[in-house]
Amino acid sequence: MKRYVTLTAAALLAVALDAAALTNLAVRPWLLLATALAACAALNVQSAILTALLGGLMLDAMCNSYLGLTAACYLLSVSVLWLLIQKNHPKTVVLLLYTALCTALYAPVEWLYSYLAGAHFGGLKTILTVALPNAALTGLFVWPFSALLQWAKTSRRDRL
């Protein structure tokens, strides 16, 4: 029970920071995506999918983007991470590289969707100067979130 309360609180805080507080920064982490990827790594894929879907839809509704785009990108990232870690349990450094790779998938999908919708998201320069640093920061933020969810996953009896 404690892990789901912790996951819910972390997801709501991440949505608030992604939607309001960190929007003016040029390079910023995607905290909700980091929370969903940490849930995939520390808890289970079902909680990660639910976090990515509901949080992505909340971000889309609050930020007036295309409805469902953020949720679809987050679900793609969670699915790729789950495929990468389902058979093995990677060490921390490899997990950080996997999460950075999974968050880097966000930009090409968003670019393709906006191109098909007729909007101009930017080109390779935007992906290299904004999306890749955001992906690297998000990959780094997965580690503390994963440690928090691992702590919430263990019971008090297991810690003694």
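Every number here is computed from the coordinates shown, using simple stated rules; none is lab data. Only a predicted model underlies this, so the values are computations on that prediction, with no experimental measurement involved. Cβ placement follows ideal geometry from the backbone for every residue including glycine, while neighbour counts extend to all protein chains displayed.
Brief remarks follow.
- Any chance LEU81 is crowded, with 18+ Cβ neighbours inside 10 Å and touching a residue at least 40 places away in the same chain (Cβ under 8 Å): yes
- ALA52 farther than 24 Å from ALA152 by Cα and of a type outside the set (Asp, Glu): no
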